[in-house]
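Working notes, structure below.
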Amino acid sequence: MENPVKQKLNRENINSTTLFPIKVVQFGEGNFLRAFVDYAFQRLNNEVNFNAGIAVVQPLEGGLVHMLNDQDGLYTLFMNGVKKNEKIQDIELIKNVVKGINPFTSFQDYLDLAKEKELQFIISNTTEAGIEFVDTDTLNMQPPVSFPAKLTVLLYERFNHFKGDVSKGLTIIPCELINYNAATLKEIILKYCDLWNLDNQFKTWLLESCTYHNTLVDRIVPGYPKNEIEEYNDKLDYQDNLIVTAEPFFLWVIEGDETLKQKLPFHKTDLNVKIVDDMQAFRTLKVRILNGAHTAMVPFSILYGNETVRQTVDGDFTGKFVNQVITEINGTLDMDKEEISNYAEDVMDRFRNPFIIHKLSNIALNTVSKFKVRVLPSLLQYIENNKSLPVHLTYSLACLILFYKGTWKSSVLPVNDNADIVEFFKKAWSSNDFNKITKVTLENVEFWEQDLSKINGLSEAIVSALTEIETNGIENGFVNFKSKFNS
């Protein structure tokens, strides 16, 4: 018997025709914002009657707004993961997107968003490259090229429409993955004011009536489940062309004060949104534990023979090693110990998520620069705190050096980095002398922004680790290295 044809997903077919007033203009219609910000505002609507509709603006000429409009802004979010070793899958139909606008084809509709009386928030995720200043953008372009220029045009339209009303300023919350994202965006908006010779009253309104909030976002969003789409659609009684998948973990840190907490009452929900004076400690937490453990495990685990992150953390030896890497990192962080411990526990759950296949080879890109930013600060802080080397982080650095040799046990390794870095290691490994290889690598200030060979005992420890790995392999080599280390 054939499956019945499913109804198209739209508001009429699901009997949800009431639209919320537009309180949010969101630049970006991609998977991340739909699985993160739109979900968060839906939680506010459901739990505290926030009554916020979202108008989505397509930031680039090629985008998905037409698909979003074709489904009346509706789509299904699947949250798949592991919590305390238990598999979970939550399904939610997101209903708070009320319209999608393509400013490249409907510029007047875009400008009309500025006239929405209840508009309060600007949200964006236009990728790291999106917050840029393009000096050829003009006020009269329909639309300008850059996202900050588009936003400046919208804000200027709002300022003029409401005649500079101070109560019509907006709360601007960018989610691009750059540090100080809001401060950078604000600076560029003010540059457009100067470039376009906009009046000082507008600039005063931007500075005094609008607020800008740096953020940290943390959720893995694999997006559209292309390879399993039939399996996902089988769980729905309608046809959805915009299914998005995400992990259950959610963290949104927003810099703000009590006023912002009242505007965004996430404290009345159990969603993990933190409105804080300074988000840098949380950024460090994420970079050091989540990203740092990722980077530290890659060479070590590939050399061991694993292919995925989950395989790594589920392995008896490699899983314990990653746990100990995180323990060493945790001790270097200067913030609430319970906060650190809870985040670290969540990270291990995220690493073993069976719904997300993270290939180690895919995250091996630019490992040297990633190690410098994500892992080296923990290694150095550990040494400063304990006056000794961290066993696991030191061993992971030795594995990195060996990984960049490019071959291991007759296999080609998935080294993927700048040509000059690959060439450096090729030349270094041509000697096959562990002392020389370690010396030139640790002394390379271009890699580490300092001479690591000056750290007491580090060169000797790396040489010892390389010797053990070469002789006894990754696992037995580590056992011997650790016993020498502790003797």
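Under 23 Å of direct C-alpha separation, and excluding same-chain neighbours fewer than eight residues apart, Lys387 reaches these lysines: Lys337, Lys372, Lys439, Lys454, Lys482, Lys484.
In the distance distribution for the range 1-117, Cα-Cα pairs more than 20 Å apart total 48 percent.
Which net charge results when you count Lys and Arg as +1 and Asp and Glu as -1 among the other residues whose beta-carbon is under 12 Å from that of Asp420? Taking every Cβ under 12 Å from that of Asp420, the sum is -1.
Once divided by 2.2 N^0.38 Å, the Cα radius of gyration of the range 135-288 becomes 1.30. Listed by chain and number, the lysines whose C-alpha is less than 28 Å from the C-alpha of Lys115, apart from same-chain residues fewer than 8 away, are Lys23, Lys95, Lys99, Lys150, Lys163, Lys168, Lys186, Lys191, Lys203, Lys261, Lys263. The ranking of Asp316, Asp417 by Cβ neighbour count inside 10 Å, starting from the fewest, reads Asp316, Asp417. The residues His358, His213, when put in order of fewest to most other Cβ atoms within 10 Å, stand as His358, His213. Given +1 at the Cβ of Lys and Arg, -1 at the Cβ of Asp and Glu and no other charges, the dipole of the chain around its Cα centre is 500 debye to the nearest 20. What aspartates and glutamates does Lys436 reach when the alpha-carbon gap must be under 14 Å and sequence neighbours fewer than 8 apart in one chain are set aside? Those aspartates and glutamates meeting the cut-off are Glu460. To test your reading of the geometry: what angle, between 0 and 90 degrees and rounded to tens, separates the Cα axis of helix 337-351 from the longest principal axis of the chain? Approximately 90 degrees, to the nearest 10.
Calculated translational diffusion coefficient of the chain (4 °C, 1.567 mPa s; Stokes-Einstein with Kirkwood radius over alpha-carbon pairs) equals 52 µm²/s. Here the residues Lys150, Lys372, Lys8, ranked from fewest to most Cβ neighbours within 10 Å of their Cβ, fall in the order Lys8, Lys372, Lys150.
The ellipsoid that matches the Cα gyration tensor of the range 280-486 has semi-axes, each √(5λ) in whole angstrom, of 25, 20, 17, with the longest given first.
Between the helical axis of 419-429 and the longest alpha-carbon principal axis of the chain there is an angle of about 10 degrees. Taken over the C-alpha atoms, the range 7-276 has Rg and Dmax values of 18.5, 58 angstrom.
All of the numbers you see were taken from the coordinates with simple rules; none came from a lab. Worth saying up front: this structure is predicted, and the values here are computed from it rather than measured. Cβ: placed from backbone, ideal geometry, glycine included. Neighbour counts: every protein chain shown.
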